[in-house]
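Just below is one structure, and these are the notes that go with it.
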Number of protein chains: 4
Amino acid sequence: MSLDDVLIRSDDPHHPANLICTLCKQFFHNNWCTGTGGGISIKDSETNRYYLAPSGVQKEQMTPDDLFVMDAQTLEYLRAPELYRPSACTPLFLACYQKKDAGAIIHTHSQNAVMCSLIFGDEFRIANIEQIKALPSGEVDPVTGKPIALSFFDTLKIPIIENMAHEDELIDDLHKTFAEYPDTCAVIVRRHGIFVWGPTIDKVKIFNEAIDYLMELAIKMYKMGIPPDCGIGEEKKHLVRGTDA
Amino acid sequence: MSLDDVLIRSDDPHHPANLICTLCKQFFHNNWCTGTGGGISIKDSETNRYYLAPSGVQKEQMTPDDLFVMDAQTLEYLRAPELYRPSACTPLFLACYQKKDAGAIIHTHSQNAVMCSLIFGDEFRIANIEQIKALPSGEVDPVTGKPIALSFFDTLKIPIIENMAHEDELIDDLHKTFAEYPDTCAVIVRRHGIFVWGPTIDKVKIFNEAIDYLMELAIKMYKMGIPPDCGIGEEKKHLVRGTDA
Amino acid sequence: MSLDDVLIRSDDPHHPANLICTLCKQFFHNNWCTGTGGGISIKDSETNRYYLAPSGVQKEQMTPDDLFVMDAQTLEYLRAPELYRPSACTPLFLACYQKKDAGAIIHTHSQNAVMCSLIFGDEFRIANIEQIKALPSGEVDPVTGKPIALSFFDTLKIPIIENMAHEDELIDDLHKTFAEYPDTCAVIVRRHGIFVWGPTIDKVKIFNEAIDYLMELAIKMYKMGIPPDCGIGEEKKHLVRGTDA
Amino acid sequence: MSLDDVLIRSDDPHHPANLICTLCKQFFHNNWCTGTGGGISIKDSETNRYYLAPSGVQKEQMTPDDLFVMDAQTLEYLRAPELYRPSACTPLFLACYQKKDAGAIIHTHSQNAVMCSLIFGDEFRIANIEQIKALPSGEVDPVTGKPIALSFFDTLKIPIIENMAHEDELIDDLHKTFAEYPDTCAVIVRRHGIFVWGPTIDKVKIFNEAIDYLMELAIKMYKMGIPPDCGIGEEKKHLVRGTDA
């Protein structure tokens, strides 16, 4: 059995090598990673390996052969496709693995993230929307030990950091947000996109979808004059008719 | 033949267990149930069983194995997948089955429903649009006994109720709207989404599509300054062009 | 060979019975015929038969078995599915066949058509857009006998008629537009949708796509303050910045 | 082996004849080439042949049999399908091959390109957006000889030329932009669409996706009052909320 067989060949659609390809294809059709933008990394907790999408590849055409695989202990590449360079996001992904105990990270160039970064200052905020309940509060149930989700009455807050010339230069600000927002599962990068992490790829996918839904809604609310974090029943005071005309 | 074989295995694409999965996948791609939001329940009238999508599952990846099945007589679960909890919507679905003689219920987090709930007060209204004719008036033809649809000249009215911390707390307001709007086939939940019911899943799917189309159109009309329930020929009086209008 | 085999069974994807189903499915995903709205009819010129989508069917699920087939000579139904009623559009489709020598008709509930019918008065107009060249001018090349397309510098004009309680009541206004707009290949019905016809289903599909593209663009131009039929170079005089905010 | 077998039959999905069809289908679903608009040409550098999509064909239904193939040396057609005329874009594609050493050209009727051509004057400009880094600066690394991409802090500039009655009349203005914008990989044609070229079809596809993403974003920024090429941190000064802003 070749090393590639061991690392990236599997009939299981949930194998990290297959899942990264499937999800990149799905995200491409959401306009989240066109033009080679964005990326995904998944940790295989059984083997303690990181699977990483490469830089510069067309995300909807990616195959397992295109992936980098890294030993989570030694941080050495177990496989590195000749054709590609590792993603410039790799140091950011490693920070999420190491500091946030992430099991997977999704990075997109979602236009909803870019637009929110132009509308909001240092923090994206939205409150009192059912979809918020899909996101973690950061707190844990003291009895069951399970993570507690945000409630309908909570305000979701996601930090926004400034973009840099190169993605690896974002690392300092990423660490800073880890300190200032210990409960956040995402960081928006202004004029760039978003990074979302969580304990498993299933959870991260759900977090990313819920956040994107909420950013899309926040932009629609903003365009109608409604502050996305305004109180329940306050919306009518802000609402403007005929704003889009 | 195992119980699962009896309850959820079928080659018929119209079997409730298959149909719920197919429709959830289709609705996911409409942005109606991303981030595990939304749900569907179908009554199998032959066997008198309710099929229910579980809580917290990724709707586009759902399989028949993920479904709950309940005896409509005893309200006991005939099958309950170990991995999942029953949907928090279950009491609401049961209310629709019991009080409205529903054959199926669709619940989505449609952004059109959320936006309409921010624009409108206690009632969503739209009038004089062809698509309204896809919806039931609540009246029945005295000769044929068949339900009569709304006419082009009618006003569709859908009640809007306030969201609560947990979905099961919506039950009182749901019963109240059953009393106040005996003919409605839908309720919008503010800052949350919509519930739509009807005699069969085919009908409910059509109702939900038609309502979503009309909510989408109402938002477009509103943004152009046109009240969605204004009279035919009144639209030009309200219309605003660009911002200098 | 049964009558059904003769009328609606074919391995040829271009057979009218197959093509209507394929296109209805494609149009459903364009939001042109959700909620059972819209319809298609194709004339099989070899056999002189009209193929018609039924009323009230879910357009993305339609199969050849659901279709009505009519003898173009006698106007009698050669097949009529028990489950369905003929489309209320049938008299309108027949008018297009008989008066405009149509080979096919597409009817959609396109929201772009509905919105244009709210913005425009009795005529939709757009000028100086490349896509206009996909549409027929109504004139014929005197040498080759081939239809001449509109030029980039032409203005596309599509009449808008008022909607009625029932589709068959549109027939008088449809005949009136045939007289007043002898060259048009389409009629917009206010607050309802659009009818498009042409010599073959391939042509009608292209006309419908091009018109929908142009209606979508006209709405975008209108929202920016630009009259869709304004002269080349005039757009900057009308343009307003920050209109959507 | 017939000539057609040599020119257009291949099991390789990356063969130009297959790739043009796959990409046209994909682009159709982006609303980039509905109504027979748009086109693609790919140079097979091994055989020195140009593959060209024909005029007037439905782009999502195209097959290798529909393609024109031209000898890059003699500019004679090696195959010309009886049913179709060569695309009116052919002289423009040849100009890109001959003057810009292109390996492929994509032409779309993207509404984002048309809207940008109505908003902007003679040049589309956007700055300080991560996605810009997917586009070439036109400069080459003196050591590696590889093309250098634009940086996050750069301004992407794409010339806009006026549309003409026939596509081949655009040739003079195309040559003019080659002279005035030697580093551009794209030209927007006002009220028409966009042409994008590059060394390989993979690169051109990425360029086209990135530019379309940036045009879409520029329109959103413009509608919120933000000049798409404004400096980082300047956006809040321009931002307008709702209509009362």
For this session: State which residue is farthest from the other protein chains (Cβ to nearest Cβ) when the search covers only segment D:213-226 and only residues that are in contact (Cβ under 8 Å) with a residue 40 or more places away in the chain and open to solvent by 10 Å² or more (accessible area, probe 1.4 Å).
Result: D:219
Exercise. Taking residue C:149, is it under 20 Å from residue C:87 (Cα atoms) and without any contact (Cβ under 8 Å) to a residue 60 or more places away in the chain?
Worked result: no
For this session: Collect the residues in segment B:26-43 that are among the polar types (S, T, N, Q) and more than 10 Å from chain A (Cβ to nearest Cβ), keeping them in residue-number order.
Result: B:26, B:30, B:41
Exercise. Considering only residues of segment D:3-54 that are open to solvent by 20 Å² or more (accessible area, probe 1.4 Å) and of a type in the set (Gly, Ala, Ser), which is farthest from the chain's Cα centre (by Cα)?
Worked result: D:10
For this session: Kindly indicate which of B:122, B:168, B:212, B:172 is outside the structural domain of residue B:33 (by TED's automatic domain parsing), acidic (Asp, Glu) and more than 25 Å from residue A:153 (Cα to Cα).
Result: B:212
Exercise. Tally time: how many residues in segment B:104-118 are open to solvent by 10 Å² or more (accessible area, probe 1.4 Å) and within 23 Å of residue B:171 (Cβ to Cβ)?
Worked result: 1
For this session: Tell me which residues, restricted to segment B:119-154, are within 14 Å of chain C (Cβ to nearest Cβ), within 20 Å of the chain's Cα centre (by Cα) and exposed (fewer than 14 other Cβ atoms within 10 Å of the Cβ).
Result: B:148
For this session: Run down D:98, D:61 and say which single residue is open to solvent by 30 Å² or more (accessible area, probe 1.4 Å) and touching a Lys or Arg at 6+ places or on another chain (Cβ under 9 Å).
Result: D:61
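For segment B:182-220, which residues satisfy the criterion of being of a type in the set (Phe, Trp, Tyr) and under 17 Å from residue B:117 (Cα atoms)?
B:195, B:213
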Exercise. Out of C:82, C:60, which single residue is more than 24 Å from residue C:5 (Cβ to Cβ), charged (D, E, K, R) and in the same structural domain as residue C:32 (by TED's automatic domain parsing)?
Worked result: C:60
For this session: Please specify each residue of segment B:161-187 satisfying the condition of being out of contact with any Phe, Trp or Tyr (no Cβ under 6 Å at 6 or more places or on another chain) and assigned to a strand (DSSP E or B).
Result: B:161, B:186
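The values are calculated or read from the model by the stated rules, or taken from the named source; none is laboratory data. From a predicted model like this one, the values you see are computed outputs, not experimental measurements. As a convention, Cβ positions derive from the backbone with ideal geometry for all residues, glycine included, and neighbour counts pool all protein chains shown. For the accessible areas, the whole protein counts, side chains as well, though only heavy atoms, and no ligand, DNA or RNA atoms are used. Shrake-Rupley method; radii C 1.70, N 1.55, O 1.52, S 1.80 Å.
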